[in-house]
Amino acid sequence: MYNGGDSVNHAGKSWRAEWWTRGDEPGTTGEWGVWRATGNSDCGGGEIPEDDTLAMSGINGQYAADNGALSLAVTLETSSLMNVNVTVTDTAGYPVTGGEKVVAIDGKQTITLNLSGVEAGQHRITATSDTLNQTATFNVKDGGTVTPPPGGEHPDYVPGTAYSEGDIVTGADGNLYQCKPWPYSGWCANASYAPGASNFWSDAWDKL
């Protein structure tokens, strides 16, 4: 029996269990199955480390500024300690006041950017570290706080459905969730990432 996060070496590769499992052989459960390859095993049973990675999540599709002010929370995740430069730009590509920050990240951390002078329109947030780069876009409108799409217009989540980046569903808890961009969108159809029900939903979905 293996719990989520357990690692094993099998058939020359290192594998990590994404959730509880028993009797499933690594390499036979498919791309979105319980076992995920994390690297190659050397002769001594150790692991050959993979390249550094940087991921960004938690950005909603739409926000509303209050007199030009907006508090933007973003989650950054790195495979090792690195300095990450976060920048928010407006429709014209100019930096937004309060939208530039350099943070040292080792693992997973949520930071908050307190923006001011924000105007309506599409904005872009970029996280960079050396050659690594992650980008997301979001729309800002005037007045109020974060505004999710109205309820009742989005179907209930159904495991196995071929969801794509940006698809919005109603989770088991009645809240709205949006399928994340590739490569995370590949997990949206998997019941193990069911929004509002699974402990791992945030790996595939953003809560609106």
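Only the coordinates and a few stated rules stand behind these numbers; no lab work does. This one's a predicted model, so the numbers in the text were calculated from it and none came from an experiment. Glycine also receives a Cβ, built like all others from the backbone with ideal geometry; neighbour counts cover every protein chain displayed.
A simple spin-label model places the labels of Thr131 and Ala37 2.1 nm from each other, with each point 7 Å out along Cα-to-Cβ. The antiparallel fraction among DSSP beta bridges confined to region 54-142 stands at about 90%.
If you plug the beta carbon distance of Thr53 and Asn139 into 1/(1 + (r/R0)^6) with R0 = 35 Å, you get a FRET efficiency near 0.80. Rounded to the nearest Hz, the phi-derived 3J(HN,Hα) couplings of region 82-91 under the Karplus curve 6.51 cos²θ - 1.76 cosθ + 1.60 (θ = phi - 60°) are 7, 8, 10, 9, 10, 9, 10, 10, 8, 4, where x marks glycine and proline.
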